[in-house]
Amino acid sequence: MTDHDKGVTEPLDLVLAREIKNLDPEMRPERNLWAGIERQIQDYPQRQKRGSLNWIPYGVAASLILAASALLLNVAQLTGAQPSFVSTDQSIDMMQAEYVQVRNPMVQKFTETNKSLDEKTLNDLYRNLEILEQARRDIEAQVRQNPENRRLVEMLMHIHEQELSLLKQDFSRPGQFM
């Protein structure tokens with residue numbers, strides 16, 4: 001007497017697995033199926049690619065425009081001000097004014113934090129800051145002459161980051177040098 005005869009039922013997946021295992025591995029279809037496959041291929045030919053366009057740059061550009069527009073609208077709503085267009089010189093002046101507002105307190109904190117360093121090290125640090133400041137002024141002048149040059153604007157932002165990074169350092173503690 002088998003388990004099935006005793007009233008014990010096996011899970012369906014085990015029954016199916018056993019039946020599949022018992023199938024003949026060399027089963028052949030009752031008729032030739034290739035005629036139907038060929039007819040389907042002829043009835044529905046593959047589409048030919050005609051000058052495939054790469055849409056990714058367009059999608060990225062559209063998403064950047066949407067993001068900038070959304071940011072502008074949100075800022076305008078938060079401040080309650082109507083968006084107004086400013087000249088390139090005005091936008092550079094505003095950017096520089098904001099930068100100086102961030103930079104000046106950091107210079108004071110940098111001076112206070114690193115005042116215990118020897119005079120030679122302090123002179124080197126301040127010389128590096130002067131070099132960065134001169135580079136910032138030179139690049140800013142170039143941006144004013146060529147406002148459409150995106151690379152110059154990126155360079156100006158990079159100089160800002162470098163100067164602020166230097167000002168954040170506490171060189172009075174050992175092991176804090178770059």
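The values are calculated or read from the model by the stated rules, or taken from the named source; none is laboratory data. Keep in mind that what you see is a predicted model, and the values were worked out from it rather than measured. Here the Cβ is made from the backbone with ideal geometry for all residues, glycine too, and neighbour counts use every protein chain on show.
Here the range 133-170 is the region considered, the condition is being more than 25 Å from the chain's Cα centre (by Cα) and outside any helix (DSSP H, G or I), and the residue that is farthest from N123 (Cα to Cα) is N146. Residue pairs whose Cβ atoms lie under 9 Å apart, sitting 6 or more positions apart in sequence or on different chains, and linking a residue in the range 142-157 that is within 16 Å of M94 (Cα to Cα) and touching a residue at least 12 places away in the same chain (Cβ under 8 Å) to a partner that is of a type in the set (D, E) and surrounded by fewer than 13 Cβ atoms within 10 Å (Cβ to Cβ), are R144/D89; P147/D89.
Among the residues making up the range 143-178, those that are surrounded by fewer than 14 Cβ atoms within 10 Å (Cβ to Cβ) and among the acidic types (D, E) are E148, E154, E161, D170.
Residues of the range 130-142 that are surrounded by fewer than 16 Cβ atoms within 10 Å (Cβ to Cβ) and within 15 Å of E163 (Cβ to Cβ): E130, I131, E133, Q134, R137, D138. Across the range 104-119, which residue is surrounded by the most Cβ atoms within 10 Å (Cβ to Cβ) among those that are under 25 Å from M157 (Cβ atoms) and without any contact (Cβ under 8 Å) to a residue 12 or more places away in the chain? Only one residue tops the list, namely T111. Figure legend. Inter-residue proximity from the range 120-141: first residues farther than 23 Å from M95 by Cβ, second residues surrounded by 13 or more Cβ atoms within 10 Å (Cβ to Cβ) and of a type in the set (F, W, Y), beta-carbon distance below 9 Å, spacing 6+ or different chains. Indicated pairs: T121/F171; L122/F171; L125/F110; L125/F171.
Listed here are the residues, each with its yes/no results for (1) more than 38 Å from the chain's Cα centre (by Cα); (2) among the aromatic types (F, W, Y); (3) at pLDDT 80 or above; (4) over 30 Å from D138 (Cβ atoms).
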| site | (1), (2), (3), (4) |
| --- | --- |
| A17 | yes, no, yes, yes |
| P45 | yes, no, no, yes |
| E112 | no, no, yes, no |
| K120 | yes, no, yes, no |
